[in-house]
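Each reported figure results from applying straightforward, stated rules to the coordinates on display, with no laboratory input. Bear in mind that the values here come from a model prediction, so they are computed numbers and not experimental data. Don't worry about glycine lacking a Cβ; one is built from the backbone with ideal geometry, like all the others, and counts go over all protein chains shown.
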Amino acid sequence: LSQASGTPAAQARACALPNLWLPYCQMQTAPLPPTVSHTQGTSLFLADGQELTDGVASWWTACHGYNHPHLQQALLAQAGRMPHVMFGGLVHEPARTLAARLADLLPGELERVFFTDSGSVAMEVAAKIALQYHMNKARTGHDPQANQRRRLLSFRGGYHGDTMGMMAVCDPEEGMHALFGPALPSQILADLPTSPEKLVALESLLSTQGHEIAAMLVEPLVQGAGGMVFHPPEVLQTLRRLCDRHGILLVFDEIFTGFGRTGTLFACQQADVVPDIIALSKALTGGMLPLAATVARREIFDAFLSEAPEAALMHGPTFMANPLACAVANASLDLFAREPRLEQVAAISEQLREELAPCRTLPGVRDVRVMGAIGVVELEKLDNAPELGRRFMQEGVWIRPFRNIVYLTPAFTITPEQLRKLTAGLYRVLKAEL
Ligand code: PLP
């Protein structure tokens, strides 16, 4: 970044903020974050009166824009009836309806839904289900060798969450959790088979270690937090084939890609591949409330049915299947059914392709790529992402760069004019600052 962005010492720093401890933030050097007073549509309104057009949709969640009246009504109606009730030994209508609707929308026999309250935990549950599935198979004598399947395989550049279990399956070299590596259980990391050489390497790894692996975890089509890296649908077909051959469960982490972001309702549909387990969160409630779902194929669920209590799934977060969140998720699915969300994603995709293309000619830009409502400008390097973020704010746009990536993942309801404001602001700042 050039000096045009101002000398950091002259600005207030994040650590000047009393009491709060912020995520992913070196608070000594990061600029003081603004306070948001309210949201509306695709805008954030700051306490000082500034309006920012939102290019991030609150970490990729607010697919219908903020404060959508249909979601708000569902929330208020549910709040009047029953804001929360425990899910141990009790069930409720919003969760029953949501589970049925998800099973209906998901491909194949993905039909048993376990609700949690964050993406990381949805993936923890996916991993636990996979591990215990094999234990149950071994216990009943169906597959005595299955007891050896105690490890998880994940892919370089992948990101599945910040909990201890999920940090262990994030990329330890590139990822933000490298520091914790020595404290985590050792799992197996491979390259996605995006070239013949990488496929050979994966096949060879599986031929020696395949029998130890319970599940393969992958973000289909897009590795999000790992750098917005895209891979073709054929890669997922290859993984399905390899998992079938080696008796490994295939887990798709669609926490980012689910609900339209890549152009289809679920990314797996572009590959015509049905995973054994899928994890959903983020846009599940249209970004209004925390909720996540881990959905398993019928055959996986059946392996937990037994007279033996220990064959049951031992997991149960206090706030799982929160009725408010389930009601809002049901309302969000109404909007997917009645409003042209996927058509909106296709139009956003086209506009992003056209309007981000000029960034290719800027010095310091390594790549520009678009998939669905995801537009990515990859830089050669970016030394001070928070400072660049501050420059975007001066342009009236909320864009939050990370590592060497500047990206747009707007709400699907964004107008062409608002999107144009984002792409133009992005271009102007990069042109001035790179
Ligand atoms: N998996 C993927 C693909 C994600 O993008 C994220 C969050 O960005 C997570 C898991 C973790 O979700 P959460 O932050 O809700 O725990």
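Quick one: grab the alpha carbon gyration tensor of region 171-256, order the square roots of its eigenvalues as a ≥ b ≥ c, and give me rounded if a/c is under 1.5, else prolate or oblate depending on whether a/b is larger than b/c.
oblate
Is the C-alpha gyration tensor of region 177-317 telling us rounded, prolate or oblate? Criteria: a/c under 1.5 is rounded; beyond that, a/b larger than b/c is prolate, otherwise oblate.
Working: a/c = 1.38, a/b = 1.06, b/c = 1.30.
It comes out rounded by the Cα gyration axes.
When the dipole is taken about the Cα centre of the chain, and only Lys, Arg (+1) and Asp, Glu (-1) are charged at their Cβ, what size is it in debye, to the nearest 20?
That gives a dipole near 320 debye.
Please compute the contact order of the chain in relative form: average sequence separation of alpha-carbon pairs under 8 Å and at least six residues apart, divided by the residue count, as a percent.
Result for the chain is 22 percent.
Sorted by packing (mean other beta-carbon atoms within 10 Å per residue), highest first, where do 349-356, 191-198, 325-332 land?
Ranking the peptides 349-356, 191-198, 325-332 by packing returns 325-332, 349-356, 191-198.
Determine the gain in length on full extension of the stretch LEU305-VAL85; use 0.36 nm per residue of separation and subtract their C-alpha separation, reporting nm with one decimal. Please list the in-between numbers first.
Working: separation 220, 0.36 × 220 = 79.20 nm, distance 2.56 nm.
In short, 76.6 nm is gained.
Using only the alpha-carbon atoms, how far is helix 69-81 inclined from the longest principal axis of the chain? Give it as 0 to 90 degrees, nearest 10.
50 degrees
Between GLU343 and LEU184, what length comes free when the chain is fully extended (0.36 nm per residue of separation minus the Cα-Cα distance, one decimal in nm)? Walk me through the intermediate numbers first.
Values: separation 159, 0.36 × 159 = 57.24 nm, distance 4.29 nm.
Length gained, GLU343 through LEU184: 52.9 nm.
Treating cross-link reach as a plain straight distance, find the aspartates and glutamates whose alpha-carbon is under 17 Å from the alpha-carbon of LYS137, omitting any fewer than eight places away in the same chain.
Answer for LYS137, where 17 Å is the Cα cut-off: GLU212, ASP244, ASP276, GLU299, ASP302, GLU307, GLU310, listed by chain and number.
What order do you get for PHE392, PHE87 when you list them from fewest to most C-beta neighbours inside 10 Å?
PHE87, PHE392
May I ask you to list the lysines whose Cα is less than 27 Å away from that of LYS198, ignoring any residue fewer than eight positions away on the same chain?
Cross-link targets: LYS381.
For the peptides 280-293, 256-269, 48-61, what is the packing order when you average, over each peptide's residues, the other Cβ atoms within 10 Å and list the highest mean first? Kindly include the intermediate steps, with their values, before the conclusion.
Values: 280-293: 26.0, 256-269: 24.1, 48-61: 18.7.
Order by mean packing, descending: 280-293, 256-269, 48-61.
Could you give the angle, 0 to 90 degrees to the nearest 10, between helix 416-433's Cα long axis and the longest principal axis of the Cα atoms of the chain?
The angle comes out near 70 degrees.
Using a 7 Å offset from Cα along Cα-Cβ at ALA138, what residues in region 204-218 end up with backbone N under 16 Å from the label point?
The answer is 209-215.
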